[in-house]
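The values are calculated or read from the model by the stated rules, or taken from the named source; none is laboratory data. Nothing here was measured: the structure is a model prediction, and the numbers come from that model. Neighbour counts are summed over all protein chains in view; Cβ atoms, including those assigned to glycine, are modelled from backbone coordinates with ideal geometry. Note: accessible area is taken over every heavy atom of the protein model, side chains too, but ligands, DNA and RNA are not part of it. Shrake-Rupley method; radii C 1.70, N 1.55, O 1.52, S 1.80 Å.
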Amino acid sequence: MNIYIEKENKQLELDKECTGLELLKELKINPTTVLLVNNNEVVLPEEKLSKDSNIKILSVVSGG
Amino acid sequence: MKCHKCDQKAVYKNQGLLLCKNHFLDYFEAKVFKTIKKYKMFSNEDTVCIAASGGKDSLAVLYMTSQYCKKYNINHFALAIDEGIAGYRDHTIEDLKEFCERYDIRLEIISFKEKFGSTLDQVREKALKEYNKKPCTVCGILRRTYLNRYALKLNATKLVTGHNLDDESQSFLMNTLLGNMRHNASLGPITGLTTNDKFVPRVKPLYFISEQETRLFCLLKEFKVDFTECPNIGLSFRANVRDQLNEIENKFPGAKNGMVNAFLEILPTLKEKYKETKPFSYCEKCGEPCTGKVCNACLLEEQLVVRKI
Ligand code: SF4
Ligand SMILES: [Zn+2]
Ligand SMILES: [Zn+2]
């Protein structure tokens, strides 16, 4: 899957299939601080993400 | 996962509640409107001034407040303060103009340049070098003063700000960690009601809304939000408290909400205890209420602005 982390303006590729929660855990991102967008649609972190997903991790935190 | 109210895919989950896009938007609106009503934030005898900056909280509160005011026929307008921060405020002000045009909201812009005599950029170095004042200190004092002053001049009887559940729980925790309960007494969904007729009471319609909900709302409404940060930002204590609180929220969902509700229970006692008893004095220069001889804003003007005669 293709992942874009907005806060760090970082792009990365992962060859795996997992839920959003598992992905965030691996990236050490607190799920309460972000929104997940998959192929331009908001998805819940509990949702399964396939290998060909296009994920955006949007930060909800303002400042600092 | 499906929405609890229909067959659509859920985009929002909050302690067991699942909602699709449309039902989340309804829920968001209902939550904000309920807060406005519960605390009697404004009615159709008010003129409502909405402090706007162009950030996500400000757009969400601006949109919701103007929806509410249009529904109940209440006079309202947006007020933006342009501090003069190149590469940041100039962008958000442009976005704000577009937004207000699109949603037919009257917008007033007050600039430091015009009212103070200098932009924040112009006085930043002098403030730091000669007076050891950080840009955020200068910015905060002037912004607070001008919001109140021009809201009043434009006949507003209420000033709406975009403070949300995260801001409030952070402030409460910060004040508590510093042992400063007096500052906690000036938090809450509505402040400044009884202090002085030269202060416009401030209200916070997003009081029970989290940042996550606000961002989702702005995203689903396709608001154009600029996420550029102010180059002066220096929030280390707040940022620290915020990160810790988010950790707690992740482990104990609903913690921020619980904390703010607990705070609301003790707020009346705090307000009573820290009630201003001594009469206000008024600034010798601008006539606004203050604690010393001249107010902080006038003091800054004396110190920092070089007036061309
Ligand atoms: S970060 Fe500081 S300087 Fe920038 S807008 Fe906020 S208070 Fe003003
Ligand atoms: Zn639904
Ligand atoms: Zn003054």
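Some notes on this structure:
- Considering only alpha-carbon pairs that sit under 8 angstrom and 6 or more positions apart, the relative contact order computed for chain B is 19 percent.
- Descending Cα extents along the principal axes, the range B:57-159, whole Å: 51, 27, 22
- Computed from Cα positions, the angle between helix B:211-220 and the longest principal axis of chain B comes to roughly 70 degrees.
- Rounded D (µm²/s) - the range B:25-304, Kirkwood Rh over Cα pairs, Stokes-Einstein at 37 °C, 0.692 mPa s: 166
- Debye-formula intensities of the range A:2-59, expressed as log10 I(q)/I(0) at q = 0.13, 0.30 Å⁻¹, are -0.25, -1.67 (one equal scatterer per alpha-carbon, no solvent).
- Taking amide hydrogens as placed 1.01 Å from N in the peptide plane, the amide H of residue B:107 sits under 5 Å from those of B:78, each at least 5 positions away in sequence or on another chain.
- Relative contact order (%) - criterion: Cα under 8 Å, at least six apart; region: the range B:178-230: 20
- With every protein chain in place and a 1.4 angstrom probe, the accessible-area ranking of B:115, B:158, B:71, B:133, largest first, reads B:71, B:115, B:133, B:158.
- Reachable lysines, given that their alpha-carbon falls under 24 Å from the alpha-carbon of residue B:293 and they are not under 8 places away in the same chain: B:115, B:126, B:133, B:134, B:153, B:198, B:275, B:278, B:285
- Distance between the range B:175-189 and the range B:67-95 - C-alpha centres, whole angstrom: 28
- Residue B:12 long-range amide H proximity, modeled H, under 5 Å: B:19
- Helix-only mean residue ellipticity at 222 nm for chain A, each DSSP H run of n ≥ 4 adding -39500 (n - 2.57), per residue, nearest 500: -2500 deg cm²/dmol
- Per-pair calculated FRET efficiency, R0 = 41 Å: residue A:16 and residue B:157 via Cβ, rounded to 0.05: 0.10
- One compactness figure for the range B:160-309 is 1.27, namely its Cα radius of gyration divided by 2.2 N^0.38 Å.
- Chain A and chain B together bury an accessible surface of about 2000 square angstrom, both sides counted, with a 1.4 Å probe and no ligands or nucleic acids included.
- Accessible area per residue for chain B, computed on protein heavy atoms with a 1.4 Å probe, is 52 Å².
- Sequence-separation-based contact order of chain A, relative, with Cα cut under 8 Å and 6+ spacing, percent: 43
- Taking every DSSP beta bridge that has both ends in the range B:25-304, the antiparallel portion is near 20%.
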